[in-house]
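Here is the structure we will look at.
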Amino acid sequence: MDLSFFHGFFGRALERKKTLIFLSALVLLFTILGMCLLKSVAVYEYHLNLCETFLLDICYSDTNVFLIFLERLGGCALLLLLILLGGMHPIALLLPLAVLVYRAFTFGGSILVFFDYYGMTGALVVFVLYLPVHFAIDILFVFAATLSFGRAFHFCFYARDLLELFKDLFILLIFAAAVYLFEALLLLALFHPIGKIL
């Protein structure tokens with residue numbers, strides 16, 4: 001594949017520095033907010049359920065690693081599609097904002113719950129698996145949202161615009177697949193027996 005394909009993708013996002021900074025600041029703000037609101041019992045319980053699900057379905061699951069990889073990539077693909085569809089109309093930009101805000105809020109709260117409730121096991125999961133993977137995917141989401149903000153005010157339902165949107169989705173999925181492949185290798189190395197690959 002021609003590298004200019006990727007260069008054009010990142011170039012369009014990096015040209016919108018103010019949007020990138022705004023969306024990154026939004027993610028950081030709601031990550032901190034997610035940490036701060038854990039004092040509420042209901043919010044704590046919600047994040048505890050998310051952490052338990054992550055541990056049971058990802059780290060200590062009986063499901064083979066390849067299926068976990070496909071499930072994680074499929075979920076990410078759906079969110080990326082929602083973010084990119086937000087670029088079809090200015091009002092639809094609420095979609096990428098909602099995805100980023102929700103992920104940041106649950107990210108912040110879940111990190112604290114991992115430390116508070118699970119202790120050293122939680123710390124291991126956070127630093128080795130949860131934090132790097134979540135952070136890498138959030139970077140992709142911020143880039144996708146930046147592209148959506150860039151196209152929302154001039155998008156037309158022409159073949160050219162639709163093709164560009166699906167090209168962006170394709171590139172983002174390549175990077176997401178690389179992140180989840182890295183996660184799968186970590187799962188095999190640290191949490192799953194080698195036989196769980198198939």
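Nothing in this text is a laboratory measurement; each read-out follows from the coordinates by a stated rule. Source: prediction; values computed, not measured. Reconstructed Cβ throughout: ideal geometry from the backbone, glycine too, with neighbour counts over all protein chains shown.
Summed over qualifying helices (DSSP H, 4 residues or more, each -39500 (n - 2.57)) and divided by its residue number, the chain shows a 222 nm mean residue ellipticity of -26000 deg cm²/dmol. Which of the helices in the chain meet the span-like rule: DSSP H, Cα axial reach of 27 Å or more, Kyte-Doolittle mean at least -1.0? Membrane-span-like by this rule: 17-36, 65-85, 94-125, 131-151, 159-186. Fully extending the segment from V101 to L181, taken as 0.36 nm per residue of separation minus the present Cα-Cα distance, adds 26.3 nm. Averaging Cα coordinates gives a centre for region 84-121 and one for region 16-61; these two points are 5 Å apart.
Ranking of F114, F155, F127, F107 by neighbouring Cβ atoms within 10 Å, starting from the fewest: F127, F155, F107, F114.
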